[in-house]
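Each reported figure results from applying straightforward, stated rules to the coordinates on display, with no laboratory input. Note that the structure is predicted; figures quoted are calculated from it, not measured. Ideal geometry is used to build each Cβ from the backbone, glycine not excepted, and the neighbour counts take in all protein chains shown.
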Amino acid sequence: MNLYDLFMKRRSVRNFKDQEIPQDVIEELLDAANNAPSGGNIQPVSVILVQESEARKELATMVGEQPWVRNAPLSMIFCVDFLRIKRWASMFETDFKGEKAFLHFLIAYADLTCAAQNVVILSQSHGLGSVYIGTILDVIDRARKYFAMPEYVLPMMVLSIGYPKTVPKKVPKLKREVIAHREKYRELSDDQIKRAFEEKYGSFEDNLENYLHRTYVEAVEAEKQQKPRWADMKSIKKEMKKLNIRSNAQFLFKLRYPSDEMIKLNEIVVRSFKNAGFDFF
Ligand SMILES: Cc1cc2nc3c(=O)[nH]c(=O)nc-3n(C[C@H](O)[C@H](O)[C@H](O)COP(=O)(O)O)c2cc1C
């Protein structure tokens with residue numbers, strides 16, 4: 001398969017076979033992560049491999065009962081790791097203070113996503129599927145404790161990997177022309193924005209069953225695999241009625257990522273950063 005097709009066919013996979021990934025493939029995946037671009041080539045990234053069933057179960061629970069995390073034979077926890085660099089610098093009578101320099105953190109986080117995405121694409125070329133799990137950010141303290149991470153190590157992203165049992169059908173995306181700006185930024189009119197998202201999601205449907213199947217892939221998949229609380233279709237529909245959700249945007253920002261709740265999470269994230277020794281402001 002050529003690379004363009006590989007990118008276009010990639011989908012987040014949430015339904016895995018009970019099949020081990022060969023060790024040599026795992027090592028290749030680690031090489032791909034390690035060989036990713038890195039600002040200044042400082043490489044402030046560590047990867048924790050989670051394969052044992054107890055740990056898989058615990059990780060799946062802590063990231064918000066996501067059954068595919070338990071079912072995937074391998075999850076990689078990508079961490080910003082300033083400890084190694086700080087210790088190395090101090091051995092040579094110099095200081096590395098990335099935990100206080102927001103710019104160092106931003107670059108390290110970019111490094112981390114480059115490394116993780118290398119793994120996504122190489123996995124796909126091996127016939128594996130993967131899904132990012134961002135909700136690790138809600139439980140940084142708990143993850144650090146369970147996986148024995150010391151100060152200056154921050155878990156920022158999980159990637160769960162395995163052989164796909166099923167791959168989701170096409171997932172809606174904006175059209176290429178919506179995200180591309182030629183030479184200068186071009187602000188869209190209200191009508192253009194409305195159309196862009198309508199073309200992406202389709203118009204909001206009264207048939208909630210259809211709607212949820214099209215847009216809430218995770219919940220549908222989770223309900224099939226484990227029926228965690230958050231994926232109970234009946235309560236999602238009830239909540240949608242209660243909040244009078246009548247559009248795709250309301251669905252996203254009133255129910256899935258309620259704007260005020262997201263702001264409230266600032267406090268938790270900042271506290272976990274501080275607990276790990278990171279303090280930028
Ligand atoms: C930063 C980030 C965090 C994500 N977190 C989760 C998650 O916690 N659980 C999940 O099932 N999918 C998660 N995803 C996957 C997205 O839901 C998925 O990429 C999106 O729906 C688009 O589908 P596609 O990857 O098939 O194009 C995450 C993706 C990214 C990039």
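Annotations for the structure displayed:
- Exposure here means at most 12 other Cβ atoms within 10 Å; with trypsin sites (Lys or Arg not before Pro) in a DSSP loop as sites, the longest stretch of the chain lacking them is 1-96.
- For segment 155-201 versus segment 205-222, the inter-centroid distance based on Cα atoms is 18 Å.
- Magnitude of the charge dipole, segment 1-118, Cβ model with Lys/Arg +1 and Asp/Glu -1, debye to 20: 420 debye
- Take every Cα pair under 8 Å whose residues are at least 6 apart in sequence, average their separation, divide by the length of segment 176-263, and the relative contact order is 19 percent.
- Amide H contacts under 5 Å for Asn15, placed H, 5+ residues apart: Lys165, Thr166
- Max mean-square fluctuation residue, GNM over the chain, Cα-Cα springs under 10 Å, options Met149, Met233, Met262: Met262
- The phi torsions of segment 114-127, fed into the Karplus equation with coefficients 6.51, -1.76 and 1.60 and a -60° offset, translate into couplings of 4, 4, 5, 5, 4, 5, 4, 6, 5, 4, 4, 5, 8, x Hz, rounded to whole numbers, with Gly and Pro shown as x.
- Computed from point charges on the beta carbon alone (+1 for Lys and Arg, -1 for Asp and Glu), the dipole magnitude for segment 176-263 about its Cα centre is near 180 Debye.
- Residues Ala89 and Lys242, FRET efficiency given R0 of 51 Å [Cβ-Cβ distance, rounded to 0.05]: 0.40
- The stretch between Glu205 and His181 holds 5.5 nm of extra length on full extension. This uses 0.36 nm per residue minus the Cα-Cα distance.
- Low-density loop cleavage sites - GluC sites (Glu not before Pro) in segment 12-121, where at most 16 other Cβ are within 10 Å (DSSP): Glu20, Glu52, Glu93
- Scalar couplings 3J(HN,Hα) for segment 252-258, obtained by applying the Karplus form with A = 6.51, B = -1.76, C = 1.60 to θ = phi - 60°, are 5, 9, 9, 10, 6, 10, x Hz; x denotes Gly and Pro.
- Dimensionless Rg ratio for the chain, taking C-alpha atoms and the 2.2 N^0.38 Å reference: 1.09
- In order along segment 18-34, phi translates into HN-Hα couplings of 7, 9, 5, 9, x, 4, 5, 5, 4, 5, 4, 4, 5, 4, 4, 5, 6 Hz, rounded to whole numbers, per the Karplus curve 6.51 cos²θ - 1.76 cosθ + 1.60 with θ = phi - 60° and x for Gly and Pro.
- Listed residue (Ile121, Val171, Leu212) projecting farthest to the positive dipole end of the chain, Cβ model: Leu212
- Taking a straight line from the alpha carbon of Lys165, these lysines sit under 28 Å away, with near neighbours fewer than eight places off in the same chain left out: Lys9, Lys17, Lys57, Lys173, Lys200, Lys224, Lys227, Lys234, Lys237.
- Reported to the nearest whole Å, the Cα centre-to-centre distance from segment 100-151 to segment 5-62 is 9.
- Cβ-to-Cβ counts within 10 Å put Phe16, Phe278 in ascending order as Phe278, Phe16, the fewest first.
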